[in-house]
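Below is one structure; the comments refer to it alone.
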Amino acid sequence: MTASHPPAGEDPLHPQDREYIVKAPHAPVGPQIDPLAGTRSADDPPWDVYLTGTVFLDIIFTGLDCAPVRGTESWARGMGSSPGGVANMATALARLGLRTCLAAAFGDDHYGEYCWDVLEQGEGIDLTPSRTVPGWHSPVTVSMAYEGERTMVSHGHEPPPEEPAPDCPPRARAAVASLTPGQHAPWIAQSARQGTRVFADVGWDDTGAWDLKALADLEHCEAFLPNAEEAMRYTRTDCPRTAAHALTEYVPVAVVTLGSEGAYAVDRRTGEAAEVPAIAVDALDPTGAGDVFVAGFVTGSLAGWPLADRLAFAGLTAALSVQEFGGSLSAPDWSEIAAWWRRVQFVDGQDPEALRRYAFLDRLVSQACPQPWPRRRAVPTIGFRRSA
């Protein structure tokens, strides 16, 4: 199955030109669908998802023919700026209709002000536990996308000495954590004791040890979502599917992303195993695609969907995101998911089995309200002055 852009007339610009669309900077759009509507009750926690981490200002260059060469000047055909880091995950969750709470430190520079404004006013993310730190400038990442990959350069001063996470994390249905080998984050265990379902990913192990025992907080997690290389290294296996099964000795649900092959998952509690192939897309910028995948999987998990539907939805949201600039503002919302589903059913030669795989979307997107296309996207600058 292929993912395609909206029909002519809805989105007339070529992807590399879209960053020049200027959207109203203070027009938050509420979710058109509440995926958890059927599960909500008066006793629910105030938040669907809680997360904490570092917010970066991301500057993304795309349309490069090759990697920059030392001693030369390279021109990119496209550029976008948007909040990055943990903001990628927070925005993806909020755009899927989840009540999202973020604890993060923000610099008191223009970059920090811009990121705060985009997340709170533009995306409706609750920043009550976040704070602005005087004299601390925002971390910045420059990402260069070419040949389907990306190269990043980041800069930032030492983070504030206090943890951005509060001593006692707020009650939430779920939390998303990024595990670091050899480091312990007390808030993860605290969240789990409160009944919060913790979903975790992990970065590359720079120590080279690849020891699951070094992921001290994994025991508090419901699901672990590494990529294939990480999963195989941690389990000392040579097959990502075998690695997924091995990981369920440590965590109830293991999800291994397989890149262009899709994803494979195992749920130890139900005995389910599922594999869903990737959706073929013309990728513009892969920044943040992994975060969007996790957000899609969390959404389906909280809604109580079957494992295969959760995998398919996560893959779809990630596929839609890579067709736009930036990590956070590339995340799709329900109107975009609905437009994709309505369009793809009429593509000539579409595989009927692939369509059946996404048939669960019928009952969801029928509730989607038309919204201006596309949602707020990354632009070449960090913002324009408001008109008087």
request  = Could you grab me the full set of residues in the range 314-364 that are within 20 Å of E261 (Cβ to Cβ) and free of Cβ contacts under 8 Å to residues at least 60 places away in the same chain?
outcome  = A314, G315, A318, V322, E353, R356
message = Need the failing condition index for A92 against (1) in contact with a strand residue (DSSP E or B) (Cβ under 8 Å, 6 or more places away or on another chain); (2) in contact (Cβ under 8 Å) with a residue 40 or more places away in the chain, just the number.
response = (1)
inquiry  = Among the numbered criteria (1) in contact with a Pro (Cβ under 6 Å, 6 or more places away or on another chain); (2) open to solvent by 10 Å² or more (accessible area, probe 1.4 Å), which one does T317 miss?
reply    = (2)
Any pair with Cβ under 6 angstrom, 6 or more apart, that starts in the range 216-228 at a residue that is in contact (Cβ under 8 Å) with a residue 12 or more places away in the chain and ends at one that is open to solvent by 10 Å² or more (accessible area, probe 1.4 Å) and assigned to a loop (DSSP other than H, G, I, E, B) = A216/H184; D217/A185; L218/Y250; E222/P252; A228/L258
ask   = Can you pull out the residues in the range 38-53 that are hydroxyl-bearing (S, T, Y) and buried (at least 18 other Cβ atoms within 10 Å of the Cβ)?
value = Y50, T52
Sole residue being buried (at least 20 other Cβ atoms within 10 Å of the Cβ), without any contact (Cβ under 8 Å) to a residue 40 or more places away in the chain and either touching a strand residue (DSSP E or B) at 6+ places or on another chain (Cβ under 8 Å) or farther than 21 Å from S328 by Cα (or both), chosen from Y250, Y234 = Y234
task = Give the residue that is modelled with the highest pLDDT, with candidates limited to residues of the range 24-50 that are touching a helix residue (DSSP H, G or I) at 6+ places or on another chain (Cβ under 6 Å) and not polar (S, T, N, Q).
result = V49
request  = Among the residues of the range 352-377, write down those that are at pLDDT 85 or above and either of a type in the set (D, E) or surrounded by 11 or more Cβ atoms within 10 Å (Cβ to Cβ) (or both).
outcome  = E353, A354, L355, R357, Y358, A359, F360, L361, D362, L364
note = Checked P277, P306 against criteria (farther than 28 Å from A185 by Cβ, touching a residue at least 12 places away in the same chain (Cβ under 8 Å) and more than 20 Å from the chain's Cα centre (by Cα)); the one match is P306
task = Considering only residues that are of a type outside the set (D, E) and part of a helix (DSSP H, G or I), look in the range 197-231 and name the one that is surrounded by the most Cβ atoms within 10 Å (Cβ to Cβ).
result = A231
query = Restricting attention to the range 333-344, does a residue exist that is within 20 Å of D362 (Cβ to Cβ), under 13 Å from the mean Cα position of the chain (by Cα), of a type in the set (A, V, I, L, M, F, W, C) and crowded, with 24+ Cβ neighbours inside 10 Å?
reply = no
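The values are calculated or read from the model by the stated rules, or taken from the named source; none is laboratory data. Quick caveat, the model's predicted, so the values are computed rather than measured. As a convention, Cβ positions derive from the backbone with ideal geometry for all residues, glycine included, and neighbour counts pool all protein chains shown. Keep in mind that these areas ignore ligands, DNA and RNA; they rest on the heavy atoms of the full protein, side chains included. Shrake-Rupley method; radii C 1.70, N 1.55, O 1.52, S 1.80 Å.
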